[in-house]
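Take a look at the structure set out below.
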Amino acid sequence: MMSNNTYYDQQLPPQYYQGTDNGEDGDEEMPATEKDLAEDAPWKKIQQNTFTRWCNEHLKCINKKINDLQKDLSDGLKLIGLLEVLSQKKMYRKYHARPNFRQMKLENVSVALEFLEREHIKLVSI
């Protein structure tokens, strides 16, 4: 069944207009800044893989390995191990060797950050 109003039958709904009349079909792309900030941005993956390999190179002398930076550094143990290997010093404070609770994990990370502060090491762009 055809409508009497052929003008509107031939038009696309407004949400599908591209905004340019250059005749090209294609999906609208994200602005460059959104692409750079996206969770799966290529440069982020490259940087994460590079840092993971660098950490593992230093951690292998204490028989530890990082697979996922976020998960493996969250309890503070591998971070403490990395800092001890790099600085060739022991932590100033005791830490939880088997952190079972979130509070224990946070305390371990605090021990690592306090160590950096005492050694006058500044973290930039983290």
Seminar exercise, completed: Among K35, K78, K44, K90, the single one that is closer than 19 Å to A112 by Cβ and either open to solvent by 90 Å² or more (accessible area, probe 1.4 Å) or at pLDDT below 95 (or both) is K90
For this session: Kindly establish whether C55 is part of a helix (DSSP H, G or I), open to solvent by 60 Å² or more (accessible area, probe 1.4 Å) and in contact (Cβ under 8 Å) with a residue 24 or more places away in the chain.
Result: no
Seminar exercise, completed: Among (1) open to solvent by 80 Å² or more (accessible area, probe 1.4 Å); (2) under 24 Å from E39 (Cβ atoms); (3) modelled with pLDDT of 95 or more, K105 falls short only on (1)
Exercise. Which one is farthest from the chain's Cα centre (by Cα) among residues in the stretch 58-71 that are farther than 19 Å from F115 by Cα and crowded, with 16+ Cβ neighbours inside 10 Å?
Worked result: K64
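The values are calculated or read from the model by the stated rules, or taken from the named source; none is laboratory data. Since the model is a prediction, treat every value here as computed from it, not as a measurement. Please note: Cβ atoms are built from the backbone with ideal geometry, for glycine as well, and neighbour counts cover all protein chains shown. Each accessible area value is taken on the protein alone, full model and side chains, heavy atoms only, with ligands, DNA and RNA left out. Shrake-Rupley method; radii C 1.70, N 1.55, O 1.52, S 1.80 Å.
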